[in-house]
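Engineer: So that we are looking at the same thing, I have put the structure below in C-alpha cells.
Just so you know, all these numbers are worked out from the coordinates, no wet-lab data involved. Just so it is clear, the structure is predicted and the values come from calculations on it, not from any experiment. With ideal geometry, Cβ positions are generated from the backbone for all residues, glycine too; neighbour counts draw on all protein chains shown.
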Amino acid sequence: MSNTKNTAADNLPADILRCMPEALIFSDLKGIIRQWNPGAETVFGFPATEAIGQSLDLIIPERMRKAHWDGFNKAIVRGGTLPGRKSMITRSLHKSGEQIYVDMSFAMVKDASGKMLGSMAVARDALVQDVRATLAGIRALQADWSDRNEQASADLQETKRQCMQSVLAP
C-alpha cells in the first residue's frame, strides 16, 4: 500500500492543458514536438498521436522555416526570447494543407536550475481577429470614399456654378 494519495491537485497541470481552448505546444531543443494539447488539435487539425514526435515543421509553412529556425536557434543561444515580445499573427499549416492565421506567443522553457529544456508556443485561430482588422480597413475606406465623394460633389457643383455664370455673363 502506498503512503501517497492521488489528489485533484496532482492532476491540475494536465487538467489545465486539457481544458485550455488555446493550442499549447512544447518542443525540445531540437524542435521535436513533445506536448500537444487538445487546443492544438482544434487549431491545427492534427491529433496528438500524429503531432508528438514530429518536427515543428509540421505546422510551419515551408517558406517560413528558415526564419523560424534562425529565431529558434538564436533564442536557445540567448537563453530566451527577446524581452517585451508579444504575441504575433503569423501563418501556420493546418492538417488539411490550408495555410491558417494564428495569433502566437513564444517562450523558452527552463527547469528550476535554469537549464534550457525547449520552447513553448500558445496559439489561437486569428481568423476572427483578421476579419475584424479587414472590416476596420473597409470601414476606413468607406469613410474616406464618402469624404472624397462629398468633396467631388461640392467641386462639381462649383464647376457647374462657374460654367453657368460664364454662359449667362454678358
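Engineer: What do you get for the angle between helix 127-168 and the principal long axis of the chain? Use alpha-carbon atoms, 0 to 90 degrees, nearest ten.
Structural biologist: Helix 127-168 and the main axis of the chain meet at about 10 degrees.
Engineer: In whole Hz and in residue order, list the ³J(HN,Hα) couplings for region 22-31 that follow from phi through the Karplus curve 6.51 cos²θ - 1.76 cosθ + 1.60, θ = phi - 60°; x for Gly and Pro.
Structural biologist: 6, 6, 10, 10, 10, 10, 6, 5, 9, x
Engineer: In whole Å, what are the Cα extents of region 60-140 along the three principal axes, biggest one first?
Structural biologist: Cα extents, longest axis first: 51, 28, 18 Å.
Engineer: Moving to a separate point now. Per q in 0.13, 0.15, 0.20 1/Å, what log10 I(q)/I(0) does a Debye calculation on the alpha-carbon atoms of the chain return?
Structural biologist: So the normalised log intensities are -0.76, -0.93, -1.33.
Engineer: Could you work out the helix-only [θ] at 222 nm for the chain, with each DSSP H run of four or more residues adding -39,500 (n - 2.57) and the total divided by the number of residues, to the nearest 500 deg cm²/dmol?
Structural biologist: That comes out to -14500 deg cm²/dmol.
Engineer: Okay, moving on. How large is ³J(HN,Hα), in whole Hz, for each residue of region 69-74 in order, when computed from phi with the Karplus curve 6.51 cos²θ - 1.76 cosθ + 1.60 and θ = phi - 60°, using x for Gly and Pro?
Structural biologist: Once rounded to whole Hz, the list reads 5, 4, x, 4, 5, 5.
Engineer: Near Lys30, which lysines are there with a Cα under 17 Å away, not counting those fewer than 8 places off in the same chain?
Structural biologist: Answer for Lys30, where 17 Å is the Cα cut-off: Lys66, Lys74, Lys110, Lys115, listed by chain and number.
Engineer: Which peptide among 17-29, 85-97, 142-154 comes first, and what is the full order, when sorted by highest mean count of other Cβ atoms within 10 Å?
Structural biologist: Highest mean packing first, the order is 17-29, 85-97, 142-154.
Engineer: Next question, about the same structure. List every residue whose amide H lies under 5 Å from the amide H of Lys95, counting only residues 5 or more places away in sequence or on a different chain, with H placed 1.01 Å from N in the peptide plane.
Structural biologist: Residues meeting the amide H criterion: Gly45, Phe46.
Engineer: Further question on the same structure: In whole Hz and in residue order, list the ³J(HN,Hα) couplings for region 96-112 that follow from phi through the Karplus curve 6.51 cos²θ - 1.76 cosθ + 1.60, θ = phi - 60°; x for Gly and Pro.
Structural biologist: So the Karplus estimates, Gly and Pro as x, are 5, x, 6, 7, 10, 9, 10, 8, 10, 10, 10, 7, 8, 9, 10, 7, 4 Hz.
Engineer: For Gly118, enumerate residues with amide H under 5 Å from its amide H, sequence gap 5+ or separate chain, H modeled in the peptide plane.
Structural biologist: Residues meeting the criterion, in which the H sits 1.01 Å from N, are Val109.
Engineer: List the residues whose amide H sits under 5 Å from the amide H of Thr81, counting only those 5 or more places along or on another chain, with H placed 1.01 Å from N in the peptide plane.
Structural biologist: Excluding prolines and chain starts, which carry no amide H, the hits are Met108.
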